[in-house]
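Presented below is the structure to which this report refers.
The values are calculated or read from the model by the stated rules, or taken from the named source; none is laboratory data. Not measured: the values here are computed from a predicted model. Here the Cβ positions follow ideal geometry from the backbone for every residue, glycine too, while neighbour counts run over all protein chains shown. The protein model used for the area step is the full one, side chains on, heavy atoms only, and it has no ligands, DNA or RNA in it. Shrake-Rupley method; radii C 1.70, N 1.55, O 1.52, S 1.80 Å.
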Amino acid sequence: MAEVLHLSKCLVEPNNCTFDQAMCITLEFECKGIADATWEVQYEADYTNKRHVIPLCTVGPISFEPGVHTVDLKIPPINTEGVKERRLLSMGILKCILLSGKEEVSSVNFVTQVSRNEAGELIRLLMSPLE
């Protein structure tokens, strides 16, 4: 996949919090122009070669003219109903997939560590793809 956008900034708020908490991901990027763009956000839990994909939200369609853009992806609380907790307790990937029409043109991926705190709650930590 050719580079369609150059990511210059990404911010996750809140981070290092309970797994199911709503969040906002702010992405700043430069692109050459993308028509009919849609962001699809999903979480992939990976457990011993079995993947469970949790759709989180869709933003768009919108068109991006050539230049620098900022987008806020507001993600509602994560619904884990039907997902076995042991599948969440490991590394996963939160994917912000950029589509032009129905074609995937780019993806911003956040490696996510999920662990249990002292109170027994699942805690997520998203790692920036820029670091």
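The orientation-averaged projection of the convex hull spanning the C-alpha atoms of the range 44-108 amounts to 5.8 square nanometres. Measuring with a 1.4 angstrom probe and ignoring ligands and nucleic acids, Thr38 comes out at about 20 Å² accessible.
Considering only protein heavy atoms and a probe of 1.4 Å, how much of the accessible area of the range 1-117 is carbon and sulfur, as a whole percent? Roughly 48 percent of what the probe reaches on the range 1-117 is carbon or sulfur.
Where the centre of each part is set by its Cα atoms, how far does the range 67-82 sit from the range 24-46, in angstrom? After rounding, the separation between the Cα centres reads 9 Å.
Note on Asp72: accessible area is roughly 80 Å² with a 1.4 Å probe, heavy atoms of protein only. I'd like the accessible area for Ile25, computed on protein heavy atoms only with a 1.4 Å probe and all protein chains in place. Round to 10 Å², please. Approximately 0 Å² of Ile25 is accessible to the 1.4 Å probe. Over the chain, DSSP H runs of length four or greater, each weighted -39,500 (n - 2.57), average out per residue to a 222 nm ellipticity of -500 deg cm²/dmol. Diagonalising the gyration tensor over the Cα atoms of the chain and scaling each eigenvalue by 5 before taking the square root yields semi-axes of 28, 15, 13 Å, largest first. The slack between Val53 and Glu103, meaning 0.36 nm per residue of separation minus the straight C-alpha distance, is 16.1 nm. If you take all other residues with their beta carbon under 9 Å from the beta carbon of Val59, and give Lys and Arg +1 and Asp and Glu -1, the sum is -1. For Lys84, the lysines whose Cα falls under 17 Å of its own Cα, not counting residues fewer than eight places away in the same chain, are Lys50.
Solvent exposure of the chain, expressed per residue, is 57 Å² of accessible area, with all protein chains present and a 1.4 angstrom probe.
Cα to Cα, under 30 Å, and not fewer than 8 places away if on the same chain: which lysines meet these conditions relative to Lys9? Once the sequence-local lysines are set aside, what remains near Lys9 is Lys32, Lys74, Lys95, Lys102. The trypsin sites (Lys or Arg not before Pro) found in the range 62-131 that occupy coil by DSSP, while having at most 13 further C-beta atoms within 10 Å, are Lys84, Lys102.
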